[in-house]
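One structure is given below, encoded as structure tokens.
We did not get these values from a lab; they are worked out from the coordinates using the rules stated. None of the values given here were measured: they were computed from a predicted structure. FYI the Cβ positions are ideal-geometry reconstructions off the backbone, even for glycines, and counts take in every protein chain you see.
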Amino acid sequence: MSDLLERLFEPTNAKDFAKTMKEAQELYPAPADFLEAVAAYLPTRLYEQYYGDSVPQSFFGFIAAAQSRDLFSEEEQWRPFVQQAWSAARERQRTPWSLTDAEPQEEGELGSRWQQFVEAAEAQDFSRAFGWARGFMNGLEGREHFREKSLSYALEDTALGGSKFLYLVQAWRLAEQLEWKHQEEILFAPLHFLVVAPENRELSREVKDLWRENPLPSLLKNEGEVSSDLYEKTERALLFEPSVSGALAAIGRLARAGASFAAVEDTLQLSASQALANSKRGSWLAPMRAFHFAKQVGYWKELVDPHRQTLALMMSAALLNQASRNSCEGESNRELDDVASHFLPTDPINVLKSVISHSDPHASATAVQAILGMGDEPRTELLSTLANQAVKNDGDVCGGNDLLYLQEAFDSYQRSSLPLKDRHLVSAGFFLGRIPKRYEVFSAYGF
């Protein structure tokens, strides 16, 4: 099996890759079995001696493929894994890092062991840090302690827009999904990135200082919604306020207005969808990460005491504000809904497929808006269409971000009580229409 994966992930052309991938589909009974094999093989090959502006992305893409599986019908379940396998085949891989080089360290109480990990991480001594990490993973109590502590540590390191936290939280979720099989291999890549890559804790220090002054305890007991007028004022502050403190003040106003914790989450996520639509061409990654963060931080908040949960909202607001200011094309929202109102196609599903493939983002947003106005059944077809248009594109174009975003955006759309919630899916259509297209594996594989 490892020989097949080695052949599958070595640099090759799309035609040869497609042939080997079809061998893998014959060998592994289901995508879940293939994912488990990939989890044991790939992560220890995806690391850098020095990290710059990016991180090896193909394993993150595989996790995104697993999380987005419900977007695809049973006969389409392999498609995202084929897409991400081609991404892995194109990505640089290193000599496998030997996990046994880091002996598990279990001396002392949990707190002192965690401090040993932190000291090693701050020294960028990964071998030592991973030894302490391995010691935590030998039992349930230690693993639970390390999961919460490692995610909290990553949460506060906002280098590359919070991607350290995003990679690590996704890895923990996959390890849990696989019932802790290959947990050390799965956690290796994001922990290596966390420890070795440059860190930046300036933003989190500012947020934590403001949070300590006012942790917004009322959000834990409020039950109110956010009105349309208050939403628009809050969105403007989140996306365009020139200071982090100004953006966080908007969250405070929501709390004083009686908004519930869930309503604030709803507001942050919809604002992040708008930030993605506002971004300059080629500058989508920062607001995309802010959107992921606003969704994935919910996993962290379930692991911590209630009084710390409001920090999740404030960190989300700060990262969103930072991402929006660094990526937005202008000083106001891009009006996608207004574009849609001018022309509604009579066959919007087929129009959507065409205009996404031909990279016409405004027409893509228009088609999505038309479908949303046609009732519940077309909306189900809309999601399938968006997912299959995303998976046509070669995986390294978006590194799995597109698949994860679609799953998250649809989840936010379903949960949202805001009148403007359609913007989640309209923005998704705009995004898919706007990104570059490369259909090498789609053409070679014969989807």
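Please name which of 183, 167, 123 has its Cα lying farthest along the dipole of the stretch 99-196 towards the positive end, using unit charges on Cβ (Lys, Arg +1; Asp, Glu -1) and the Cα centre as origin. Looking along the dipole axis, the top candidate is 167. Helical content alone sets the calculated 222 nm signal of the chain at -21000 deg cm²/dmol, taking -39,500 (n - 2.57) per DSSP H segment of four or more residues and averaging over every residue. Over all pairs of different C-alpha atoms, the stretch 336-445 has a mean inverse distance whose reciprocal, the Kirkwood radius, equals 13.9 Å. Looking at the stretch 28-78, the chymotrypsin sites (Phe, Trp or Tyr not before Pro) that sit in a DSSP loop and have at most 15 other Cβ atoms within 10 Å of their own Cβ are 50. State the answer as a single residue: which of 307, 320, 333 lies farthest towards the positive end of the charge dipole of the stretch 285-338, with beta carbon charges of +1 for Lys and Arg and -1 for Asp and Glu, about the Cα centre. Checked the options; the winner is 307. Among the GluC sites (Glu not before Pro) within the stretch 196-236, those in coil by DSSP and having at most 10 neighbouring Cβ atoms inside 10 Å are 223. Size descriptor for the stretch 99-196, Kirkwood hydrodynamic radius: 13.2 Å (Cα pairs only, one decimal). Put in line by how crowded their Cβ is, counting other Cβ atoms within 10 Å and starting with the fewest, 347, 360 read 347, 360.
Counting neighbouring Cβ atoms within 10 Å and putting the fewest first, the residues 297, 391, 118 line up as 118, 297, 391.
Using the Cα coordinates of the chain, the gyration tensor eigenvalues translate into equivalent-ellipsoid semi-axes of 33, 31, 17 Å, sorted from longest to shortest.
Spatial offset of the stretch 143-177 relative to the stretch 192-236 amounts to 17 Å, using the alpha carbon center of each. Dipole magnitude for the stretch 336-445: computed about the Cα centre from +1 point charges on Lys and Arg Cβ and -1 point charges on Asp and Glu Cβ, it is near 100 debye. In terms of other Cβ atoms within 10 Å, 411, 402, 209 run from fewest to most in the order 209, 411, 402.
Considering only 247, 61, 294, the residue lying farthest towards the positive end of the dipole of the chain is 247, judged by Cα position with unit charges set on Cβ.
Straight-distance candidates among the aspartates and glutamates for linking to residue 208, with alpha-carbon spacing under 18 Å and chain neighbours fewer than 8 residues away dropped: 148, 156, 157, 199, 305. From the Kirkwood radius over Cα pairs of the stretch 157-255, Stokes-Einstein at 10 °C and 1.306 mPa s returns a whole-number translational diffusion coefficient of 98 µm²/s.
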